[in-house]
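Asker: Submitted below is the structure of interest, expressed as structure tokens.
Derivation of every value follows stated rules applied to the coordinates shown; laboratory data play no part. Note that the structure is a prediction, hence the values are computed from the model and not measured. Please note: Cβ atoms are built from the backbone with ideal geometry, for glycine as well, and neighbour counts cover all protein chains shown.
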């Protein structure tokens, strides 16, 4: 290992050992080695996570919180230990602030629905940014329309950076909650969350952060960020699909009504009324995604073993290498040039449709995402139909970058 800015970084051979933990990366597509560069959509899974899920079903399968028999008790302990690992991973103050959800979208919907029922009245406002994924726009559109409230937008510039100078001017006594992404999924912009929460705190307004694209790449500390809600998905950080986390400060979660009704979220029920369970169970109705939580815990262990700082530096090395290699290609145009970026390379080739390029890359084994990436307002602002997005993870390598370059050259030659 080598020392880089006081961070002990794995060397090339160690990164390749990590890469070997991902069975799917040995797959061939159309006769070519798979070059998987769609990590912003979902990450691949290491053997350790896959084995955790297999082991759960082969040796432990039982419902949680409800049984006195041994398997149920062991399953419950493992499930709650997964909650504690998630708590530590983002440095939440208490395990009661960690709610298991289906993912980021589900977590945002939970807050939007529950918060609006308790705190949103006609004429009130919800503030989101121009960089948001649809999952952090549509839920707020729904609840503001239902409550007679209004959605306000913090604008962006051509580089894909939010106009922070306008933030304070958009806040008023009608602003009830602010919902902002930590990292843009389509452009890779890393937003200045601490600055935004500091301003919001001066006005006493709670802040929700969509952290789906941040948690796989950055060290996240919700106490340092001083946000009130933070949402992320397991499947983008080496874990299973269908599992995610909502962090919420206890003071807010205690005030908010349940999102769903059913088993586990109640203390007592009769035909006239029900009393609700304590946190976090108040927001976890029904049988949870137990194997998903255990798989997420293993994914957290895996990431922490490498170290989030090391992961970030490795991924940004690959991003910068790709940008350097592709920039000289004919017609290459970078989309999103914020000064603070995550490893998302969004670009266009002049005169070529992103979809056509993406199809030809796939024919050569290179998996990228094309289109608007569930950020249609961002693409409308840029006046483009979409982009070609290559998004990197630590298990990618320099060969992946070179194969992307070669495949892109061939696609340009064919389409030009």
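Asker: Sort region 15-85 into rounded, prolate or oblate with this rule: let a ≥ b ≥ c be the square roots of the eigenvalues of the Cα gyration tensor; rounded if a/c is under 1.5, and if a/c is not under 1.5, prolate when a/b is larger than b/c, oblate otherwise.
Answerer: Because a/c hits 1.5 or more and a/b exceeds b/c, region 15-85 counts as prolate.
Asker: Between region 286-350 and region 153-194, what is the C-alpha centre distance in whole Å?
Answerer: Cα centres, region 286-350 to region 153-194: 21 Å.
Asker: Then there's this: Rank-order 270-278, 306-314 by packing density, defined as the average count of other C-beta atoms within 10 Å over each peptide's residues, highest first.
Answerer: 306-314, 270-278
Asker: While we're looking at this one, here's another question. Report the antiparallel proportion of the DSSP beta bridges in the chain as a percent, rounded to a multiple of 5.
Answerer: Around 60 percent of the beta bridges assigned by DSSP in the chain are antiparallel ones.
Asker: Relative to the longest principal axis of the chain, what angle (0 to 90°, nearest 10) does the C-alpha long axis of helix 47-59 take?
Answerer: 40 degrees
Asker: Determine the relative contact order of region 139-228: mean sequence separation of Cα pairs under 8 Å and six or more apart, normalised by residue count, in whole percent.
Answerer: Reported relative contact order: 24 percent.
Asker: Kindly identify region 244-290 as rounded, prolate or oblate by the Cα gyration tensor criterion: order the square roots of the eigenvalues as a ≥ b ≥ c, call it rounded if a/c is under 1.5, otherwise compare a/b with b/c, prolate if a/b is larger, else oblate.
Answerer: oblate
Asker: Would you mind putting 144-156, 88-100 in packing order, based on average other-beta-carbon counts within 10 Å, highest first?
Answerer: Ranking, from highest mean packing down: 88-100, 144-156.
Asker: Who wins for biggest fluctuation among 329, 34, 348 in a Gaussian network model of the chain, springs between alpha carbons below 10 Å?
Answerer: Of 329, 34, 348, the most mobile in the Gaussian network model is 329.
Asker: Take the eigenvalues of the Cα gyration tensor for the chain, scale each by 5, and report the square roots as semi-axes in whole Å, largest first.
Answerer: Those come to 36, 28, 18 Å.
Asker: Next question. So what is the relative contact order for the chain, in percent, with contacts set as C-alpha pairs under 8 Å and at least six apart?
Answerer: 22 percent
Asker: Which order, highest average first, do 129-135, 388-394 follow once you tally other Cβ atoms within 10 Å for each residue and take the mean per peptide?
Answerer: 388-394, 129-135
Asker: Counting pairs of alpha carbon atoms under 8 Å apart in space and at least six apart in sequence, what relative contact order in percent does region 63-172 give?
Answerer: 18 percent
Asker: In Å, what is the Rg of the alpha-carbon atoms in region 86-161, and how long is Dmax?
Answerer: 14.6, 41
Asker: So, in Å, what gap is there between the alpha-carbon centers of region 362-413 and region 34-80?
Answerer: Value for the Cα centre distance between the two parts: 31 Å.
Asker: Could I ask something else about it? Once both axes come from the Cα atoms, what is the angle between helix 193-202 and the longest principal axis of the chain, in degrees from 0 to 90, rounded to 10?
Answerer: On a 0 to 90 degree scale, this one is about 30.
Asker: Further question on the same structure: Once the Cα atoms of helix 70-90 and of the chain are each reduced to a long axis, what angle between those two axes, in degrees from 0 to 90 to the nearest 10, is obtained?
Answerer: 60 degrees
Asker: Using the alpha carbons of region 331-416, what is the convex hull volume per residue in cubic angstrom, as a whole number?
Answerer: Once divided by residue count, the hull of region 331-416 is 101 Å³.
Asker: Now for a separate question. Which shape class applies to region 146-267: rounded if a/c is under 1.5, otherwise prolate when a/b exceeds b/c and oblate if not, where a ≥ b ≥ c are the square roots of the Cα gyration tensor eigenvalues?
Answerer: Here region 146-267 falls in the oblate category.
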